[in-house]
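Notes for the one structure printed next.
The values are calculated or read from the model by the stated rules, or taken from the named source; none is laboratory data. No experiment lies behind these values; they were computed from the predicted model shown. Here Cβ is always computed from backbone atoms with ideal geometry, including for glycine, and neighbour counts include all displayed protein chains.
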Amino acid sequence: MDRVGHIVRRRAVFFVPGFDPAPPRALRERYRREAAKQARLSGHVIQISADGSHAWRVDAVIEGQACETRIEVLAWSDLVRAEMRGGGVWRSFANLTRAAMTNIRAGAIAPLFSLRKGPVIAISYPVLVVLTELLVAALLVVAGAHFGPIGALVGGVAGYAALSLAARKDPIFAHYLIDDYAYAAREDGAYPPALEARLVAFQAKLAAACLADYDEVLLIGHSSGAYLAVSLMADLRRAGGAHPALSLLTLGHVVPMVSFLPRATRLRGDLAGLSTDQALTWVDISAPADGCCFALCDPVAVSGVAPDNQSWPLVISAAFSQTLTPATWAALRWRLFETHFQYLNAFDGGGDYDYFALTAGGQSLAARYGARTPSPSRITRAVSPHRGFT
């Protein structure tokens, strides 16, 4: 079958989110809201109906082609919450220390910071927030001490209460990011057993879709879900899973956060294996304006495992400053987290990136991007301090 010219009338989409504090239904509501915007902008006809708490169905006519799509969220953030539960106010401080020491021992800090400035900000941001919270708590104690021992005690109680409130409410997601970093680093890059078991369950869903009557099976990984999607697709391929239009789309990836660690041999092997797999299409999309990802960093190449015959991924820029109108971009650019989710939103400034055409349109991923060349500004130099995968 000509995969580049493949027409899609029925599609199965599996979406692997990052460590997202929002439940899967929030992703469904985002899809519903943003699909309506894109429909008004692009003339799409998109109807969405719920299919359980983790899935929804899309009936669309996009670019003159009708397509039925089922989208299912492969949730895993509950595993992170289970691992990070307990410890009270000091949990984040302990997790931050452990994650930092893991990366320092691995020699990963300098290589990570050499790739893009954005992740430096994303990694440094929760550190600065937590240190500021500690400073505020300490100042409350010092201020109270001016009124004697009772004042110091009151200041200590107030400081502890402030720290507890900040960690519990976490309005700017600093503690959430720390949990994400700590979970990624807790096994020096190896996947914890509970996560491996979850990937086995996900693989069964993907394999069943490959055997069903779908014209395309599309796996999407966003943020830290991107490296899990890589491993999930690699598991499927090792088990013999195949489909005429088997597709992998990674969005705003943070692969180096794990692949640069010493025990990430599993992930590095998965990256190397998929990079030459001619039975699938793998497109990686990111934007330099997204400060929470390693934008335009070829995840295979920067991890130091690119073979001479590397074919994937096709690295493309979403170029937010060009694909969004000036007004939309001006409103978005200082909203760190919403910028990181822009890949899942409507685009009002033109360009060929349309998340809803990708997930619900009548062209496969291969057809839509088969003629594209990689972004000329992509980073392909190998910088990982650890490159073994056997």
Here is a list: Val315, Val300. Which entry is within 17 Å of Leu249 (Cβ to Cβ) and either touching a strand residue (DSSP E or B) at 6+ places or on another chain (Cβ under 6 Å) or of a type in the set (Gly, Ala, Ser) (or both)? Val315
Residues (over 23 Å from Thr328 (Cα atoms) and either in a helix (DSSP H, G or I) or in contact (Cβ under 8 Å) with a residue 40 or more places away in the chain (or both)) located in region 24-51: Pro24, Arg25
Residue satisfying condition, being over 16 Å from the mean Cα position of the chain (by Cα), modelled with pLDDT under 85 and farther than 24 Å from Arg368 by Cα, within set Val89, Val80, Val4: Val89
Applying the selection to region 10-26, what residues are surrounded by 14 or more Cβ atoms within 10 Å (Cβ to Cβ) and at pLDDT 95 or above? Arg11, Ala12, Val13, Phe14, Phe15, Val16, Pro17
Which members of region 189-233 meet the condition of being touching a Leu at 6+ places or on another chain (Cβ under 6 Å) and assigned to a loop (DSSP other than H, G, I, E, B)? Gly189
All positions within region 306-319 that are hydrophobic (A, V, I, L, M, F, W, C), assigned to a loop (DSSP other than H, G, I, E, B) and within 21 Å of the chain's Cα centre (by Cα): Trp312, Ala318, Ala319
If you scan region 91-143, which residues turn out to be assigned to a helix (DSSP H, G or I) and basic (Lys, Arg)? Arg91, Arg98, Arg105, Lys117
Identify, from the list Ser275, Ser259, the residue that is in contact with a helix residue (DSSP H, G or I) (Cβ under 6 Å, 6 or more places away or on another chain), closer than 30 Å to Asp188 by Cβ, hydroxyl-bearing (Ser, Thr, Tyr) and without any contact (Cβ under 8 Å) to a residue 60 or more places away in the chain. Ser275
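Residues are listed down the side, and each one gets a yes or a no for (1) buried (at least 16 other Cβ atoms within 10 Å of the Cβ); (2) out of contact with any strand residue (DSSP E or B) (no Cβ under 8 Å at 6 or more places or on another chain):
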site	(1), (2)
Ala158	yes, yes
Leu165	no, yes
Lys169	no, yes
Asp180	yes, yes
Tyr183	yes, yes
Ala190	yes, yes
Leu195	yes, yes
Leu199	yes, yes
Phe202	yes, no
Can you find, within region 339-383, the residue that is nearest to Ala318 (Cα to Cα) among those that are part of a loop (DSSP other than H, G, I, E, B) and of a type in the set (Val, Ile, Thr)? Thr373
For region 70-89, does any single residue satisfy the condition of being under 30 Å from His175 (Cα atoms), assigned to a helix (DSSP H, G or I) and of a type in the set (Val, Ile, Thr)? yes
Can you name the residue in region 43-54 that is at pLDDT 95 or above and in contact with a helix residue (DSSP H, G or I) (Cβ under 8 Å, 6 or more places away or on another chain) and is also surrounded by the fewest Cβ atoms within 10 Å (Cβ to Cβ) among such residues? Val45
Output for Cβ contacts, cut-off 7 Å, separation at least six or different chains, first residue more than 13 Å from Leu218 (Cβ to Cβ) in region 236-248, second in a strand (DSSP E or B) and of a type outside the set (Lys, Arg), reads none
Being surrounded by fewer than 24 Cβ atoms within 10 Å (Cβ to Cβ), touching a residue at least 40 places away in the same chain (Cβ under 8 Å) and more than 18 Å from the chain's Cα centre (by Cα), is that true of even one residue in region 284-300? no
Taking Gly351 as meeting all but one of (1) surrounded by fewer than 16 Cβ atoms within 10 Å (Cβ to Cβ); (2) out of contact with any helix residue (DSSP H, G or I) (no Cβ under 6 Å at 6 or more places or on another chain); (3) over 24 Å from Ala12 (Cβ atoms); (4) modelled with pLDDT under 95, write down the number of the exception. (2)
Conditions: (1) surrounded by fewer than 21 Cβ atoms within 10 Å (Cβ to Cβ); (2) assigned to a loop (DSSP other than H, G, I, E, B). Gln322 meets all but one. Number of the miss? (2)
Please go through (1) loosely packed, with under 15 Cβ neighbours inside 10 Å; (2) within 26 Å of Lys117 (Cα to Cα) for His386 and return the number of the only condition it doesn't satisfy. (1)
So if I check each of Ser317, Ser321, Ser364, Ser303, which one is touching a His at 6+ places or on another chain (Cβ under 7 Å), among the small types (Gly, Ala, Ser) and assigned by TED's automatic domain parsing to the domain that holds Lys37? Ser364
